[in-house]
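Trainee: For reference, the structure I am asking about is given below.
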Amino acid sequence: MAFREYKMGGMFFGFALGFSMLITIFFPTIYITNHGAPNDYGLDKTMTYGHNNGFTYSDPFLKQWHKPIKAVLSKDPVTGQAFAKPMTVYVYRAGDPFPSTITHPRVLAGEGVIALSKSKGKIEAADDSKGAVFTLANGAYKGKELSYIVDLTATRNWTPTQVLAAVPVAQQSHASQGRTLYMREGCWWCHTLLPEETQDWETFGRPPLVGDLNGQSPTTFGSDRKAPDLLHVGSRNSSREWITMHLFNPRLVQPHSIMPRFDYLWGDKDANGKTINYTKWRKDYLEYAAGKTIYPPEVPTPAKSSEASHLIEYLLDLK
Ligand code: HEC
């Protein structure tokens, strides 16, 4: 029988096909993040960015809907008593979807982090239709010091509204919206968020660890670096003034910069409610660039609710 001649080949083929299917189907079900329990840094990032941090079904046009607010609370929102140490809180108003670290505690990885977040942090009591306020805390699990998430709405009865009322608007950060803008504006065409394990370390800070990324999707690592890595830009370059000027028009601070200007993110009005006159600004700037005037025109302070402001908050939060 002619077929017999192909028996060995057929068997090998069957084995190769079966094995590759096993790799394709079975391997992705192994939960790799189990090997990297999130650290403070990773927990802070997922709580800051919230659930919708990319192109999603619930925000297909990157309008930054339903994003949490990160704030530093310096007094008890109910009694008004000042804290000895300010507390960083992540405020999810009613309807803001929780990140997967809350909805699927397994994403937290690491037995201890899950156990502490559930038992001491009461994260399972959080209900996104009512909103909740979270913070991070440290605790011991089987003799090991670990960070975990605390649902302050369950443990202290603080509501998002009460907490937001206790923090001045100027000190509420919309880094979560800024992250979406980073994607929408294509900053990743030039910038990476991935210092590598080479001499990169010295300039851009430490490379990310597995635990830094739990619950974050997409990671916005970027693939092609034409500009400095920004993963830790907020630690390296924490001047709000510089970042603001550079974002408005990079040529103001780096005469030969290839970075586009993002002045349109300022919107119509500046922080004082004054209409921004882009035509006049441009005219003054071109005179300055041509050497006709000594000083460049002043960059308007972005309004707190402007996209520019949210993007700057995101950059400064990249510690
Ligand atoms: C065409 C490439 C390009 C794009 C797109 C781009 N940048 Fe840049 N960016 C640069 C370059 C080049 C530099 C280095 C400084 C310079 O030349 O202005 C830089 C520098 C920076 C810095 C300062 C980095 C440091 O080390 O201090 C920040 C912050 C920054 N960019 C943010 C952004 C943001 C936010 C976006 C998106 C809204 C963006 N960039 C889009 C090219 C780009």
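The values are calculated or read from the model by the stated rules, or taken from the named source; none is laboratory data. Quick caveat: nothing in here was measured; it's all calculated off a predicted structure. Backbone-built Cβ (ideal geometry, glycine too); neighbour counts: all protein chains shown.
Trainee: Just checking, how many residues over the stretch 38-61 are under 16 Å from Val107 (Cα atoms) and out of contact with any helix residue (DSSP H, G or I) (no Cβ under 6 Å at 6 or more places or on another chain)?
Mentor: 7
Trainee: Between residues in the stretch 249-275 that are closer than 17 Å to Pro297 by Cα and free of Cβ contacts under 8 Å to residues at least 60 places away in the same chain and residues that are within 8 Å of the ligand (Cβ to nearest atom) and small (Gly, Ala, Ser), which pairs lie under 9 Å by C-beta distance while being six or more apart or on different chains?
Mentor: Asn249/Ser257; Pro250/Ser257; Arg251/Ser257
Trainee: Let me ask something additional. Out of the residues in the stretch 203-240 that are of a type in the set (Asp, Glu) and within 20 Å of Glu313 (Cα to Cα), state the one that is nearest to the ligand (Cβ to nearest atom).
Mentor: Step one: list which residues in the stretch 203-240 are of a type in the set (Asp, Glu), which gives 212, 224, 229.
Next cut, within 20 Å of Glu313 (Cα to Cα) only: 212, 229.
Numbers: Asp212: 19, Asp229: 8 Å.
Out of the qualifying residues, it is Asp229.
Trainee: Okay, moving on. Can you tell me which of (1) more than 29 Å from Pro38 (Cα to Cα); (2) loosely packed, with under 15 Cβ neighbours inside 10 Å; (3) away from the ligand (no atom under 15 Å from the Cβ) is the one Ser257 doesn't meet?
Mentor: Failed condition: (3).
Trainee: Here is a follow-up. So how many residues does the stretch 218-236 have that are of a type outside the set (S, T, N, Q) and under 18 Å from Thr180 (Cα atoms)? Walk me through it before giving the result.
Mentor: If we filter the stretch 218-236 for residues that are of a type outside the set (S, T, N, Q), which is where we start, we get 218, 221-222, 224-234, 236.
Narrowing the set further to residues that are under 18 Å from Thr180 (Cα atoms) leaves 218, 221-222, 229-234.
The number of residues fulfilling the criteria is 9.
Trainee: Follow-up question, since we're still on this one. Tell me which residues, restricted to the stretch 264-282, are crowded, with 16+ Cβ neighbours inside 10 Å and either in contact with a Leu (Cβ under 8 Å, 6 or more places away or on another chain) or of a type in the set (Val, Ile, Thr) (or both).
Mentor: Hits for the stretch 264-282 are Leu265, Ile276.
Trainee: For the list (1) closer than 27 Å to Pro208 by Cβ; (2) more than 18 Å from the chain's Cα centre (by Cα); (3) small (Gly, Ala, Ser), I need the number of the one condition that Gly234 fails.
Mentor: Of (1) closer than 27 Å to Pro208 by Cβ; (2) more than 18 Å from the chain's Cα centre (by Cα); (3) small (Gly, Ala, Ser), only one is false for Gly234: (2).
Trainee: Taking the conditions exactly as written (closer than 19 Å to His174 by Cα, at pLDDT below 90 and among the aromatic types (Phe, Trp, Tyr)), does Phe55 satisfy them or not? Explain how you work it out, then say what you get.
Mentor: Details: closer than 19 Å to His174 by Cα: yes; at pLDDT below 90: yes; among the aromatic types (Phe, Trp, Tyr): yes.
Yes; evaluated as a whole, the condition is true for this residue.
Trainee: Within the stretch 87-96, which residues are assigned to a loop (DSSP other than H, G, I, E, B) and either under 16 Å from Ala165 (Cβ atoms) or within 15 Å of the chain's Cα centre (by Cα) (or both)? Steps first, please.
Mentor: Filtering the stretch 87-96 for residues assigned to a loop (DSSP other than H, G, I, E, B) gives 93-96.
Within the stretch 87-96, Arg93, Ala94 qualify.
Trainee: Could you list, in sequence order, all residues of the stretch 241-252 that are of a type outside the set (Asp, Glu) and exposed (fewer than 14 other Cβ atoms within 10 Å of the Cβ)? First the steps, then the outcome.
Mentor: Restricting attention to the stretch 241-252, the residues satisfying the condition of being of a type outside the set (Asp, Glu) are 242-252.
The answer is Trp242, and nothing else.
Trainee: Further question on the same structure: Can you go through Ile243, Ile312 and tell me which one is out of contact with any Pro (no Cβ under 9 Å at 6 or more places or on another chain), under 21 Å from Gln172 (Cα atoms), within 16 Å of the ligand (Cβ to nearest atom) and assigned by TED's automatic domain parsing to the domain that holds Thr192?
Mentor: On the way: Ile312 fails: out of contact with any Pro (no Cβ under 9 Å at 6 or more places or on another chain).
From the options Ile243, Ile312, the qualifying one is Ile243.
Trainee: Continuing with this model, one more query. What's the number of the condition Ile294 fails, among (1) in a loop (DSSP other than H, G, I, E, B); (2) of a type in the set (A, V, I, L, M, F, W, C); (3) away from the ligand (no atom under 16 Å from the Cβ); (4) crowded, with 16+ Cβ neighbours inside 10 Å?
Mentor: Unmet condition: (4).
Trainee: Scan the stretch 163-212 for residues that are of a type in the set (Phe, Trp, Tyr) and in contact (Cβ under 8 Å) with a residue 12 or more places away in the chain and jot them down. Step through it out loud before you land on a result.
Mentor: Let us first name the residues in the stretch 163-212 that are of a type in the set (Phe, Trp, Tyr), namely 182, 188-189, 201, 204.
Answer for the stretch 163-212, where residues must be of a type in the set (Phe, Trp, Tyr) and in contact (Cβ under 8 Å) with a residue 12 or more places away in the chain: Tyr182, Trp188, Trp189, Phe204.
Trainee: Output the residues belonging to the stretch 106-140 that are of a type in the set (Ser, Thr, Tyr) and more than 24 Å from Pro77 (Cβ to Cβ). Working first, answer last.
Mentor: Just the residues of the stretch 106-140 that are of a type in the set (Ser, Thr, Tyr), to begin with: 117, 119, 129, 135.
The one that is of a type in the set (Ser, Thr, Tyr) and more than 24 Å from Pro77 (Cβ to Cβ): Ser119.
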